[in-house]
1. Going by the conditions given, is SER72 touching a residue at least 24 places away in the same chain (Cβ under 8 Å), among the hydroxyl-bearing types (Ser, Thr, Tyr) and assigned to a helix (DSSP H, G or I)?
2. Does the range 49-59 hold any residues that are loosely packed, with under 15 Cβ neighbours inside 10 Å and in a helix (DSSP H, G or I), and which are they?
3. List the residue pairs whose Cβ atoms are under 8 Å apart, where the first residue sits in the range 123-147 and is touching a residue at least 24 places away in the same chain (Cβ under 8 Å) and farther than 16 Å from SER46 by Cβ, the second is of a type in the set (A, V, I, L, M, F, W, C) and part of a helix (DSSP H, G or I), and the two are 6 or more positions apart or on different chains.
4. Among (1) in contact (Cβ under 8 Å) with a residue 12 or more places away in the chain; (2) among the hydrophobic types (A, V, I, L, M, F, W, C); (3) part of a helix (DSSP H, G or I), which single condition is VAL82 missing?
5. If you check every pair at least six apart or on different chains, which have Cβ atoms under 6 Å apart with a residue in the range 1-26 that is modelled with pLDDT under 85 first and a residue that is assigned to a helix (DSSP H, G or I) second?
6. With respect to ILE108, determine if the residue is of a type in the set (A, V, I, L, M) and at pLDDT below 90.
Amino acid sequence: MLNTKIKCPSCKIARIFIPIAMSLVFLQAITDPLTIQKRIELLKNSWTIIIKHPLFGTGVNSYLLAQSQIKSNFYLFFNQPVHNIYLLFISEFGLISSGLFLYLNRKILGGFKKNSLLILSVVMITGLFDHYWITLVQNFYLIAVVFSISFQDRS
């Protein structure tokens, strides 16, 4: 895609200008300076919850209730899920249900087409750093679309 010849002069300029403009937007962003410490606290909280409820978890959508029982080190830190879909899933469903889920879906996970495997790997990698793949309805819809495309024209 990057090696293709472009005949449109404004397209050539846009191809250079847009990445530079987007980079400047991201470089100007100001974030919470304690974000890493807060994420580490959320990770520790999820491990505490997994240890307290190892077999069956806290129950679907009960993670925040379980986490509210754990004292936070940060003043005015809003109760939110751990930023890791795997730990969140295990916390809510427990080790037995999580293992059963993987066992029952092993053929599905092995049957992706190669181009869809890249999309699935993006979901799996970004899931290490945020919970939105399993906490936002829009992302549920997006995963459904990805799965349906992945299994199109399978024989």
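The values are calculated or read from the model by the stated rules, or taken from the named source; none is laboratory data. Keep in mind that this is a model prediction, so the values were computed, not measured. In this analysis, Cβ positions are derived from the backbone assuming ideal geometry, glycine residues included, and neighbour counts consider all displayed protein chains.
1. Working: touching a residue at least 24 places away in the same chain (Cβ under 8 Å): yes; among the hydroxyl-bearing types (Ser, Thr, Tyr): yes; assigned to a helix (DSSP H, G or I): no.
It is false that SER72 is touching a residue at least 24 places away in the same chain (Cβ under 8 Å), among the hydroxyl-bearing types (Ser, Thr, Tyr) and assigned to a helix (DSSP H, G or I).
2. Hits for the range 49-59 are ILE51, LYS52.
3. As it stands, the answer is VAL146/ILE119; VAL146/LEU120; VAL146/VAL123, since those pairs meet every condition given.
4. Among (1) in contact (Cβ under 8 Å) with a residue 12 or more places away in the chain; (2) among the hydrophobic types (A, V, I, L, M, F, W, C); (3) part of a helix (DSSP H, G or I), the lone unmet condition for VAL82 is (3).
5. Pairs that qualify, where the first residue is modelled with pLDDT under 85 and the partner is assigned to a helix (DSSP H, G or I), are ILE6/LYS12.
6. Considered against the rule, which asks whether it is of a type in the set (A, V, I, L, M) and at pLDDT below 90, ILE108 comes out as yes.
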